[in-house]
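J.: Quick one: the structure is below, questions incoming.
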């Protein structure tokens, strides 16, 4: 079974607060019970495109992409494929705008989420540091704005 078929099979069970990570080769295998790692030999940009394609077809979840802020500061002269890979990843995430956060902070977010929710890690052979793509899944049919409006209405009724 290909990684894409596996993700497609798992996607219906994933929901709000689950994560899908598309990781570079050095990403650590985490041992929390909620974290599952699968390995593919596919290119990180292609994997990102494929996973985003599946998520675009889904009505129950939408991705909130997070990238390492370090990706913006890597020395391009030392990493020959960096510019193309970085641009490919960012393009694959469209129309979603990634948030850039410190790598250690993202790892803490993932570890905290794994205490309660499932995390699916797709590990690629990419050897460019800080290229991992972190997709926090949000509800696909209820927006943050709708949730805030609901909370505001509840608060008004409780006053």
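Taken together, the values in this text are just the output of simple stated rules run on the coordinates, not laboratory data. As the structure is a computational prediction, the values presented were derived from the model and not from experiment. Every residue, glycine as well, gets a Cβ built from its backbone with ideal geometry; the counts of neighbours run over all protein chains shown.
J.: What does the extension gain come out to for residue 153 and residue 37, with contour length at 0.36 nm per residue minus their alpha carbon separation?
T.: My answer for the length gained is 37.7 nm.
J.: Separate question: Rounded to the nearest 0.05, what FRET efficiency is calculated for residue 73 and residue 94 with R0 set to 22 Å and r the Cβ-Cβ distance?
T.: Once the sixth-power term is evaluated, E becomes 0.50.
J.: Could I ask something else about it? Among the DSSP beta bridges whose two residues both lie in the stretch 3-158, what percent are antiparallel, rounded to the nearest 5? Walk me through the numbers on the way to the answer.
T.: Values: 11 of 24 bridges.
Of all bridge pairs located within the stretch 3-158, approximately 45 percent are antiparallel.
J.: Here's another thing I want to ask about it. Can you give me the distance in nm between label points at residue 144 and residue 105, each placed 7 Å from the Cα along the Cα-to-Cβ direction?
T.: It is 1.3 nm.
J.: Roughly what would the spin-label model give for residue 29 and residue 9, points 7 Å off Cα along C-beta, in nm?
T.: Distance between label points: 1.9 nm.
J.: Next up: If each DSSP helix of 4+ residues adds -39,500 (n - 2.57) and the sum is divided by the residues in the chain, what number results at 222 nm, nearest 500 deg cm²/dmol? Don't jump to the answer; show the numbers that get you there.
T.: Numbers: 5 runs with 60 residues, N = 159.
Rounded to the nearest 500, it is -11500 deg cm²/dmol.
J.: So if we plug the beta-carbon distance of residue 56 and residue 87 into 1/(1 + (r/R0)^6) with R0 = 22 Å, what FRET efficiency do we get, rounded to 0.05?
T.: Result of the calculation: an efficiency of 0.65.
J.: Additional query: With angles folded into 0 to 90 degrees, how steeply does helix 103-114 sit against the dominant principal axis of the chain? Use alpha carbons for both and round to 10.
T.: The answer is roughly 50 degrees.
J.: Quick one: angle between helix 44-57 and the longest Cα principal axis of the chain, in degrees between 0 and 90, rounded to 10, please.
T.: Compared with the principal axis, the helix lies near 30 degrees.
J.: Oh, and also: Taking only Cα atoms and a 10 Å spring cutoff, compute GNM fluctuations for the chain and point out the largest among 148, 105, 30.
T.: 148
J.: To continue, here is another question. By how many degrees, 0 to 90 and rounded to 10, does the Cα axis of helix 144-158 deviate from the longest principal axis of the chain?
T.: Between helix and principal axis, roughly 30 degrees.
J.: Further question on the same structure: In vacuum, with every alpha carbon of the chain counted as one equal point scatterer, what does the Debye formula give for log10 I(q)/I(0) at q = 0.14 Å⁻¹? Two decimals, please.
T.: Evaluating at q = 0.14 Å⁻¹ gives log10 I(q)/I(0) of -0.70.
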